[in-house]
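The structure appears right after this line, and notes come after that.
The values are calculated or read from the model by the stated rules, or taken from the named source; none is laboratory data. All values derive from a computational prediction rather than experimental measurement. Backbone-built Cβ (ideal geometry, glycine too); neighbour counts: all protein chains shown. Accessible surface is based on the protein model in full, side chains and every heavy atom, while ligands, DNA and RNA are left aside. Shrake-Rupley method; radii C 1.70, N 1.55, O 1.52, S 1.80 Å.
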Amino acid sequence: MNPSEATREVLWNISNGWIMYVLLVPTMAIASYGVWIRYKSWKQGLPADGRLDQPMRRLKYLWNHALLQRRNLRQKYAGIFHAMIFWGFIALTIATIVVMIDHDFGVPIMRGAFYLYFQSLFVDLLGLIALIGVVMAGYRRWKSKPEKLVYTDEASWIIIIFAVLMVTGYLLEGWRIVATNDPWGAWSPVGYTTGALFAPFFNIETLEVFHVLFWWFHLILAFGFIAWAPFTKMLHPLTSALNIYASNLEPVGGSLKSIDFDTAEIFGVNDLKQFTWKDLLDLDACTECGRCTDACPANTVGKDLSPRDIILDLRGWLHKGSNGEVGLIGSTDALQSDRLFECTSCAACVEACPVSIEQLPKIVDMRRFQVMEEAEFPETMQGAVNSIEERQHPYSGSQFSRADWVKELDIPHASEAEGAEVLVWAGCGASLVERNQNSIRSLAKLLKKAGVKFSVLGREEKCTGDVARRIGNEFLFESLAKENINTFKKHKVKKIVTACPHCFNTFRNEYPEFGADFETYHHSEFLGGLLKEGRLKITEASERRIALHDPCYLSRHNGMTDEPRELLNNVSKSPITELPRNRKNSFCCGGGGGMSFVDEPSDKRVNHERAKEILATEADTVAVGCPFCTTMMEDGINANKGDRKIEVKELAELLNEAIPDE
Amino acid sequence: MNILVCLKQILDPEVPVRDFAIDGSGLQADPNCANQMTNIFCENALETALQLKDAHGGKITVLSFGPDSVKDSLRKGLAMKANEAFMVLNNTGHQPDSAATAKVLAKAIGKMEPFDLVLTGREAGDWGAGQTGGLLAEELGLPYSAFVDEIEPEGEDRLILRQQTDSGWNKISAPKPVVASITNSDHNLPRIPKTRDIILANRKPLTSWSLEEVGISEDELAAEQQKARIKLLSIPEGKSDCEFIEGDSLEDKIDNLAERIVAIARSV
């Protein structure tokens, strides 16, 4: 027995093997047709810019999130069994290709050490891992039954077919090993063991008959599955991979598309053809896993919004060919207009999706249709939009003016501030809400302590348009963006610091398209820089136990999770209390996407859910870095804290406390 | 039916107290201390007209008397789906009173095709006089009803006006043409214009006349203003005092509080 000659006979015990090749033709024809009709349906979408550029970056992304299953593995049970099945099938596919190269192309590679270590041992064990994965999947679907799964016959059949294919594969391998008395059989331990279980009870002739019958059964089932797969969610190995490749490589905060109002025939989306091809590919990439809906704050507190169901219902229409005359919005439960307006635009869904589906831009696209074409959206949001139109801020009824917070601070206006390093942008949320004026004042005081020369715009500030854009009034957003950019140009503003992550995101990710040419910093970033440079020095660290609430528009939308932590690092003697849902996994305060201006039902409030999470820690201080978060968390905490002593503090307030006046 | 809706542009009634300012003359609010916007009751009037048009057809014209900025209000009216807009430009820098406004509006209406129905808001959010509608009817020599919140046609030549009263409402049958001032109700909440209509509103006709063109001189306007004059406009000074009532027990504190209240009430 020379290990260098180790191999096995391909098509052992099978006569008329040619039938397999004949069957392969219709199999591949049906499967190709299935893929082709899907491809054709994506092609009806509008162009999507920049989704196929930077191939190296995209391949790396594909490597991480498809092959290495990084995002998928964030979830323990489902992530692990999926990876087991996925990697197992990759190994089995490679092994099949090896057989094809060896047997059909006549290149003898299935030999020797490669045969023993890879083709036999490695593939045999990976197959077992995949089988265990399939069993775990079955357990979840039929025993533990988590609520978020979609229970279809299709999904059940997929698991059954997988299990049958794998079990019959091992039976075939085992019987062959026994019948041929394969000297290398032990290198395939699972197959070898399976064979050994049969050997005492059946003679070789019987096993050969079993083998022939099961071989053809296995083949027909496998081919049948290949032909069927493109018509099921088992198309996802292809679509999910494509979708991951075509991912949005920019920050999530910059993923909303602008509209060319001179040429657009329809504002927003109410028909599949108004989506881009990438939006349509998204729909077919969905594996129904439900992580988006699980992560959705609106859904978590019992509202009806479900990003997964939105994707699945849109996919339903895509597969039916169109949504006909009816229009998408309101055509199904998940696509009801009032559900679309429950979204806080926090992007938890986008972050949670293991296959890079972008639910948020689609929700905003449909909101645009409701707002701009139909003018039908919640009255309270209409009030906010109306106020932005009339007064350039959403806080109708505010008794404050934009210049109020500056009083007694002696800060020059941008027009008279020669040589100012930066412009401090307060934003509506800080200047027009009394509570938040202290936050922005703290920022100003810190800059003064650091000797930073800065200016403000006072009454010349207008809403950045973030609220209008997320609600769906793109037209209003665009006009505000242009007006603000003109103001910045007029005063030659080159650098902006703001304490509002929403303004920050809009400036950094959305204004450049409209001609902005300035740098923007969130104050956590800018103040952190001043600490590093030694221009600010913490002298009085407190005893506070600080829990940090990551703002969505900083963490998820812009990937900035270290900045607030670095800023808080030495503010207190105790380390930061990390919340269970933190960093990019943070849970929304409930105030984004125009929801700050909506009265939520008292039993379904996003801020209360988050407040309870915070109150479950030992913290006595909640650090926030956003004016919306400040208001929402303060309301939520005060409503739930009882006798507990705990307060909500803005990052700048905390830092300012730790750096007392000299 | 041919409907005219008069729109008044006013200073944002929600202007924060500390932003509110009086201009150098001491007689009127500083027009720059806040944004200009359409008076809400005028928008209720436009909404009432739009609903009438939606149900029974017809044409809506919006008219305003004021500085160049009233174009914004008129454009918004067009975006809400009025058909045509007219304005009489007031570049005197003075804010006219109800009588002067009614005179100018009546002159402008005289230049236009006849209307079946002329609507104004119940009153404006700046002065709240509530006079323009009635005075305009007087100038036009037409019947008038105030506090109307619903209008229905009655045959070819008459309209039924529903008028809010303290105890309910009156339904009044009036011959066309008629003037009505509109109050707000649940069903005339102004609609939000669609973005498409906002964009298209810029392409609709908007005619601007000078005072001379409608046949009234600046002097005549000034003379009209002499009938009721504002002597002085001032912002009340807010004063607040805080006093803590002491006492040994709760009952004590309550007694002391009651005594103190009585003392203050007597001193006022």
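A few remarks follow.
- Residue check: A:Lys407 meets all listed conditions (1) within 14 Å of chain B (Cβ to nearest Cβ); (2) within 25 Å of A:Phe526 (Cβ to Cβ); (3) surrounded by 15 or more Cβ atoms within 10 Å (Cβ to Cβ) but one, namely (3).
- Index of the failed condition, A:Ile160 passing every other in (1) touching an Asp or Glu at 6+ places or on another chain (Cβ under 6 Å); (2) in a helix (DSSP H, G or I): (1)
- Top-ranked residue in the range A:393-404 [being within 11 Å of chain B (Cβ to nearest Cβ) and of a type outside the set (S, T, N, Q); ranked as surrounded by the fewest Cβ atoms within 10 Å (Cβ to Cβ)]: A:Gly397
- If you check A:Val422, A:Val385 for being open to solvent by less than 10 Å² (accessible area, probe 1.4 Å), in contact with a strand residue (DSSP E or B) (Cβ under 8 Å, 6 or more places away or on another chain) and not polar (S, T, N, Q), only one passes: A:Val422.
- Tally, over the range A:243-256, of residues that are surrounded by 16 or more Cβ atoms within 10 Å (Cβ to Cβ) and either within 13 Å of another protein chain (Cβ to nearest Cβ) or over 15 Å from A:Asn505 (Cβ atoms) (or both): 5
- Within the set A:Leu238, A:Leu172, A:Leu221, A:Leu207, the sole residue that is closer than 30 Å to A:Lys60 by Cβ and assigned by TED's automatic domain parsing to the domain that holds A:Leu125 turns out to be A:Leu238.
- Contact map, the range A:370-381: first residue closer than 16 Å to A:Phe475 by Cα, second residue open to solvent by less than 20 Å² (accessible area, probe 1.4 Å) and not in a loop (DSSP other than H, G, I, E, B), Cβ cut-off under 6 Å, separation 6 or more or different chains; pairs are A:Met372/B:Thr195; A:Glu376/A:Gln370; A:Phe377/A:Gln370; A:Phe377/A:Val371; A:Met381/A:Ile471.
- The residues of the range A:352-379 that are more than 30 Å from B:Lys81 (Cα to Cα) and open to solvent by 20 Å² or more (accessible area, probe 1.4 Å) amount to a single one, A:Ala352.
- Matching option when the condition is in contact with a Gly (Cβ under 7 Å, 6 or more places away or on another chain) and open to solvent by less than 70 Å² (accessible area, probe 1.4 Å), among A:Asn64, A:Asn72: A:Asn72
- Checking A:Leu23 against (1) under 28 Å from A:Glu208 (Cβ atoms); (2) surrounded by fewer than 16 Cβ atoms within 10 Å (Cβ to Cβ), the condition it does not meet: (2)
- Every test in (1) β-branched (Val, Ile, Thr); (2) over 24 Å from B:Glu220 (Cβ atoms); (3) within 17 Å of the chain's Cα centre (by Cα) is passed by B:Thr101 save one, and that test is (2).
- Number of the condition not met by B:Leu140 [criteria: (1) in contact (Cβ under 8 Å) with a residue 24 or more places away in the chain; (2) surrounded by 16 or more Cβ atoms within 10 Å (Cβ to Cβ); (3) under 28 Å from A:Glu373 (Cα atoms); (4) not hydroxyl-bearing (Ser, Thr, Tyr)]: (3)
Here's the yes/no breakdown for (1) within 14 Å of chain A (Cβ to nearest Cβ); (2) touching a Cys at 6+ places or on another chain (Cβ under 8 Å); (3) assigned to a helix (DSSP H, G or I):
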| residue | (1), (2), (3) |
| --- | --- |
| B:Leu142 | no, no, no |
| B:Ile172 | no, no, no |
| B:Ala222 | no, no, yes |
| B:Ala228 | no, no, no |
| B:Gly238 | yes, no, no |
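Quick grid of which residues meet (1) open to solvent by 30 Å² or more (accessible area, probe 1.4 Å); (2) under 27 Å from A:Glu613 (Cα atoms):
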{"site": "A:Ala516", "(1), (2)": "no, no"}
{"site": "A:Gly529", "(1), (2)": "no, no"}
{"site": "A:Glu540", "(1), (2)": "yes, no"}
{"site": "A:Glu543", "(1), (2)": "yes, yes"}
{"site": "A:Ala547", "(1), (2)": "no, yes"}
{"site": "A:Tyr553", "(1), (2)": "no, yes"}
{"site": "A:Arg556", "(1), (2)": "no, yes"}
{"site": "A:Gly559", "(1), (2)": "yes, yes"}
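- Of all the criteria given as (1) in a helix (DSSP H, G or I); (2) touching a Leu at 6+ places or on another chain (Cβ under 9 Å); (3) under 29 Å from A:His82 (Cβ atoms), the one not satisfied by A:His103 is (3).
- Residues being acidic (Asp, Glu) and within 26 Å of A:Asp304 (Cβ to Cβ) are represented in the range A:606-614 by at least one member.
- Meets criteria (under 21 Å from A:Leu447 (Cα atoms) and in contact with a Lys or Arg (Cβ under 6 Å, 6 or more places away or on another chain)) for A:Glu519: yes
- Just one of the numbered conditions (1) under 21 Å from the mean Cα position of the chain (by Cα); (2) open to solvent by 60 Å² or more (accessible area, probe 1.4 Å) is not true of B:Lys239: (1).
- Those helices (runs of 4 or more DSSP H) of the range A:555-646 in which 1 or more residues are among the small types (Gly, Ala, Ser) and farther than 18 Å from A:Ala347 by Cα occupy A:606-615, A:627-640.
- The set of residues in the range A:140-166 that are of a type outside the set (D, E, K, R), open to solvent by less than 60 Å² (accessible area, probe 1.4 Å) and under 25 Å from the mean Cα position of the chain (by Cα) comprises A:Pro146, A:Leu149, A:Val150, A:Thr152, A:Ala155.
- Scanning the range A:467-511 for residues that are touching an Asp or Glu at 6+ places or on another chain (Cβ under 8 Å), open to solvent by 10 Å² or more (accessible area, probe 1.4 Å) and within 14 Å of another protein chain (Cβ to nearest Cβ) yields one hit, A:Leu476.
Yes/no matrix, rows are residues, columns are (1) among the aromatic types (Phe, Trp, Tyr); (2) free of Cβ contacts under 8 Å to residues at least 40 places away in the same chain; (3) open to solvent by less than 50 Å² (accessible area, probe 1.4 Å); (4) within 14 Å of another protein chain (Cβ to nearest Cβ):
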site	(1), (2), (3), (4)
B:Pro175	no, yes, no, no
B:Ser181	no, no, yes, no
B:Asp186	no, yes, no, yes
B:Ile198	no, no, yes, yes
B:Asn202	no, no, no, yes
B:Leu206	no, no, yes, no
B:Leu211	no, no, yes, no
B:Glu218	no, no, no, no
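- Residues of the range A:592-609 that are in contact with a Lys or Arg (Cβ under 8 Å, 6 or more places away or on another chain) and crowded, with 20+ Cβ neighbours inside 10 Å: A:Gly592, A:Gly593, A:Gly594.
- One residue from A:Leu335, A:Leu312 being more than 18 Å from the chain's Cα centre (by Cα) and surrounded by fewer than 24 Cβ atoms within 10 Å (Cβ to Cβ): A:Leu335
- Exclusive hit being touching a strand residue (DSSP E or B) at 6+ places or on another chain (Cβ under 8 Å) and within 12 Å of chain B (Cβ to nearest Cβ), set A:Glu434, A:Glu390, A:Glu374: A:Glu390
- Test result for A:Lys462, touching a residue at least 60 places away in the same chain (Cβ under 8 Å) and either in contact with a strand residue (DSSP E or B) (Cβ under 6 Å, 6 or more places away or on another chain) or open to solvent by 50 Å² or more (accessible area, probe 1.4 Å) (or both): yes
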